[in-house]
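Below you'll find the structure, written out as structure tokens, and then a few comments.
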Amino acid sequence: MKSDTVIVRNLGLQDYIPTWLAMQQFTNQRDQGTPDELWVLEHPPIFTQGQSGKPDHILKTTDIPIIQTDRGGQVTYHGPGQLIVYTLIDLKRKKLNSRQIVTLLEQSVIQLLADYQIKANAKCEAPGVYIDHKKICSVGLRIRRGCAFHGLALNVAMDLHPFLSINPCGFPDLRMTQLTEIDKTATVASISSKLVEHLIANLGYTNKLIS
């Protein structure tokens, strides 16, 4: 399979731990000919703590589970109404380093928001995408054997209240936002294919297989 081919899997609502284990297994078992994949999904409510995550960024415990995971970064929240795209990409084959792939993910989200006449930006010191200093998208990756997994989480139409229980991504007083605060008609279903198209273009794929 050529490096310009990507498989897009629309997975719907998926529990976090089985999905995480599946990403690890996929990455461990892939070889030089394995096509890259984009997994498009949502998670039930869960906090995930990155590899370097500090416990003091969890401000209070709730009935929402907290999972220690293997991506980079600090603690964040996932829940229904948040669009997740996991990017299982052979960076060696794409000739990309970790900073470059993060930038391409951020640019894809910025371009998507521009489709809605929303001006957004990235910050070198704090990966993700921001609107007026409020964060709308988080990016966190793990790279193993030259291949990336995990990906991005874009707030679309979700309950933002659980973010108040943490310092999102390790930043005290960071406010979160979502697309419906600007466009009330937005849904995960209505924007997921648009974001995938931006990702495909920016990552240089010319052949897309939908699963």
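Comparing THR27, THR62, THR87 in a Gaussian network model of the chain, where Cα atoms under 10 Å apart are tied by springs, the biggest mean-square fluctuation is seen for THR62.
Among the lysines, select those whose C-alpha is under 19 Å from the C-alpha of LYS194, and discard any that sit fewer than 8 residues away in the same chain. Within the straight-line cut-off, LYS194 pairs with LYS119, LYS184, LYS208. Report summary: the helix-based calculation at 222 nm, which adds -39500 (n - 2.57) for every DSSP H run with n ≥ 4 and divides by the residues of the chain, gives -8000 deg cm²/dmol.
Relative contact order (percent) for the chain, with alpha-carbon contacts under 8 angstrom and 6 or more residues of separation?
In percent, rounded to a whole number, it is 26.
Of the residues PRO172, PRO127, PRO44, the one that moves most in a GNM of the chain with alpha-carbon contacts below 10 Å is PRO172.
DSSP beta bridges fully contained in the chain are about 65 percent antiparallel. Taking PHE47, PHE171, PHE149 in turn, the Gaussian network model of the chain (Cα-Cα springs below 10 Å) assigns the largest fluctuation to PHE171. Say a site is exposed when it is one of the trypsin sites (Lys or Arg not before Pro), sits in a DSSP loop, and has at most 12 other Cβ atoms within 10 Å; what is then the longest site-free stretch of the chain? Segment 3-59 is the longest.
If you average the alpha carbon positions of region 65-92 and of region 141-173, how far apart do those two centres end up, in angstrom? Here the two parts' Cα centres lie 6 Å apart.
Return a whole-number percent for the relative contact order of region 70-182, with Cα pairs under 8 Å and 6 or more residues apart as the contact set.
37
Labels on offer are (i) 19.1, 60; (ii) 16.7, 52; (iii) 16.0, 47, and the one holding Rg and Dmax of the Cα atoms in Å computed from this structure is (iii).
Here, each number is a calculation from the coordinates, and none is a lab measurement. It should be emphasised that the depicted structure is a prediction, and the values quoted were computed from it without experimental measurement. Using ideal geometry, Cβ is built from the backbone for each residue, glycine included, and neighbour counts are taken over all protein chains shown.
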